[in-house]
1. Rounded, prolate or oblate: which fits the range 287-436, taking a ≥ b ≥ c as square roots of the Cα gyration tensor eigenvalues, rounded meaning a/c under 1.5, else prolate when a/b beats b/c?
2. Would you work out if the range 330-392 is rounded, prolate or oblate? Take a ≥ b ≥ c from the square roots of the eigenvalues of the alpha-carbon gyration tensor; rounded if a/c is under 1.5, else prolate when a/b is larger than b/c, oblate otherwise.
3. Less than 17 Å apart at the alpha-carbon level, and either on another chain or at least 8 residues along: which lysines does that give for Lys352?
4. For the range 26-443, just say rounded, prolate or oblate: build the C-alpha gyration tensor, square-root its eigenvalues into a ≥ b ≥ c, call rounded for a/c under 1.5, and beyond that prolate if a/b exceeds b/c, oblate if not.
5. Return the distance in nm (one decimal) between the two label points of a simple spin-label model at Leu307 and Glu199, each offset 7 Å from Cα along Cα→Cβ.
6. Which residue, Pro82, Val54, Phe150, has the largest displacement toward the positive end of the dipole of the range 26-443 when charges sit on each Cβ (Lys, Arg +1; Asp, Glu -1)?
7. I'd like the distance between the alpha-carbon centres of the range 188-202 and the range 232-310, rounded to an integer number of Å.
8. Which of the peptides 203-209, 342-348 is most tightly packed, and how do the rest follow, judged by the mean count of other Cβ atoms within 10 Å per residue?
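Coordinate-derived values only; no laboratory data. These figures come from a predicted structure and were not determined experimentally. Note: ideal-geometry Cβ built from the backbone for every residue, glycine included; neighbour counts use all protein chains shown.
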Amino acid sequence: MPEARVLDAFRRSILETRKGARAMLLRINPAKLLVFGYVFYMLIGWALLSLPFVQNVPIREIDNLFTSVSAVSTTGLVTVDPGSSYNIWGQLIILLLIQAGGVGYMTIGSFAMLATHERLTPLRERVTMAAFSLPNGSSPAQFIRMVILFTLICELVGALALYPILASAGISNPAWSAIFHSVSAFCTAGFSLNSNSFEGLAADPALNFVISVLSLLGAMGFLIIWDIWRNLTGRSVYLGFTSKLIIRLTLAFLAIGTTILFVVEPSIAALGPFDRLQAAFFQTMSASTTVGFNTVPIGTLGHATLLVMFFLMAIGASPSGTGGGIKTTSFAAMLGLVRSTLKQRNHVRLFKRRIAPSRLQASGATFFYFMILLTVAVFLLALTEPGASLEAMVFESISALGTVGLSMGLTGGLSILGKLIIIVLMTAGRVGILSFGIALAMHDETHEEEADNELLL
């Protein structure tokens, strides 16, 4: 029958189109797919936050876009107060965007696929390996299941722990606030429903403890949890080098940063010894994990403290976690390179391990590209925000590029062009500094172009 032949031809056409699209996607570099995916989520969030019924007050489109990008990138910089500008529905949208950005946009879709299928598509495996920097031989499917389970457990326990703390402090709607801040802390987003973050609860040791634990668990990376899980299940008998390195560096940064802030920061000098130590630790933790919560006004910090914060925010969290920055492992690799160069070695060693040249190349490129983006951003902000101080522009740019969210107060007064600059930085920080650079620079060459490899001298 003619109708049957037409339907068959239509089905074949659809199948061929799907095969062609799938083949094209497989040829695209994973870094580009990561950028496209995150930008898509940001645009969806922008559209949802622009709906009038999710807003308590009229909000400009640029501010809705800024909030969406900040949420998906888990940065936490805001141009409007989320707690008062958006109603419960708007806050729920922000929370979902934070969750999607924190665990990775591919993770949620891949987990849904695993719930109905036994395995992931090759495309999702490639992107998952790239997004989480998984070592060769890892199972992306098992890793994704672990990520989702661990995330939900941490956020649930965190919400249950925060509820009595916030309720006793007189926070309105403490149940919702506990859920929101638990997710925000674990995803190192730093979004708060309180207009002054946690400055009003700076002296509460329970809140400081819960937020710090959640932030550290998210920032140290899922690779450590994966490593520990493999040990518990008998698949491995020792922690990997990466996990040991992350733990050592995280503890070192926390100890050194806390000590410096405790000794030199004048804004907390009048506090008692315990409260002073608590404030010093929390600000250090917030900068190094890139969570972006604060218990003391950032604008009041001294110059010496700001320099420490610059360094901690730039280095940031660890790979395959929810935080941003250059990453602790990249910093360690560059440190090993410098040390080996000074010792005149012909290879790079770190803690008695030889570092592969490819890892050194990636670390060097990440550091260099971070500095390029930072320099360009500060230069442009100097043109668009002539009234701002240089230290505020540098601080805000590092905070955005490291997806930290701490602010000296510049963000709320940015011009439209200034907000767009910060938006680009937050996007680059969430995708990954190197991945963002690869996505912008890489040209998918044809076989004919690849064959033309003659270099005339």
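1. Details: a/c = 2.18, a/b = 1.90, b/c = 1.15.
Here the range 287-436 falls in the prolate category.
2. Numbers: a/c = 4.31, a/b = 3.17, b/c = 1.36.
Cα axes put the range 330-392 in the prolate bin.
3. Within reach: Lys244, Lys343.
4. Working: a/c = 1.27, a/b = 1.15, b/c = 1.11.
The shape class here is rounded.
5. Result: 2.6 nm between the two label points.
6. Phe150
7. 17
8. Per-residue mean Cβ counts within 10 Å order the peptides as 203-209, 342-348.
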